[in-house]
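Down below is the structure, laid out as structure tokens.
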Amino acid sequence: MAVPKQRKTKSRRNQRRMHIFLETPKLTTCPKCGKPVLPHTACANCGYYKGEEVIDVLKKLTKKERKKKEKEMAGKEKEEKKAKPLSMEELSKK
């Protein structure tokens, strides 16, 4: 049976393991609802991907949950319409 001739030092061991670590997932925000989403995946909250509805999220919900979700999505759309870019004059007033 093979036995190492010399002991590997802590330094050598740690240098080998230097690149083994967990990374936090890189998240982007959904342009439709603003929730964090993994890149290149459909949003689980609203079901949109690249501006198109891919998953019908409301289909799986109960009637009570569906009403609540529709109300929430309608509120988000109203906020998007209200948030228009400010002109230079409006910026200088603030």
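Report, ordered by chain and residue number, the aspartates and glutamates lying within cross-link reach of LYS82, taken as a straight Cα distance under 19 Å and ignoring same-chain residues fewer than 8 apart.
GLU70, GLU72, GLU90
Calculated from DSSP H runs of 4 or more alone, at -39500 (n - 2.57) each and per residue, what is the 222 nm mean residue ellipticity of the chain, nearest 500? Working shown, then result.
Details: 3 runs with 33 residues, N = 94.
Rounded to the nearest 500, it is -10500 deg cm²/dmol.
Taking a quarter of the surface of the convex hull around the Cα atoms of the chain, what do you get in nm²?
Across all orientations, the chain yields a mean hull projection of 15.0 nm².
Can you compute 3J(HN,Hα) from phi for each residue in region 63-68, using the Karplus curve 6.51 cos²θ - 1.76 cosθ + 1.60 with θ = phi - 60°, rounded to whole Hz and x for Gly and Pro?
4, 5, 5, 4, 4, 4
Could you calculate the contour length gain from VAL54 to LYS5, that is, 0.36 nm times the residue separation minus the distance between their Cα atoms, to one decimal place in nm? Provide the component values of the computation, followed by the final result.
Numbers: separation 49, 0.36 × 49 = 17.64 nm, distance 6.02 nm.
Here the segment from VAL54 to LYS5 would lengthen by 11.6 nm.
For the pair LYS26/THR41, report the inter-label distance in nm, with labels modelled 7 Å from Cα in the Cβ direction.
In this crude spin-label approximation the distance works out to 1.5 nm.
So what are region 25-80's ellipsoid semi-axes, whole angstrom, largest first, if each one is the square root of 5 times an eigenvalue of the alpha-carbon gyration tensor? It would help to have the intermediate numbers written out before the result.
Values: eigenvalues 81, 36, 18 Å².
Equivalent ellipsoid semi-axes, largest first: 20, 13, 10 Å.
Bear in mind these aren't lab numbers, they're just calculated from the coordinates by the rules spelled out. Only a predicted model underlies this, so the values are computations on that prediction, with no experimental measurement involved. Cβ: placed from backbone, ideal geometry, glycine included. Neighbour counts: every protein chain shown.
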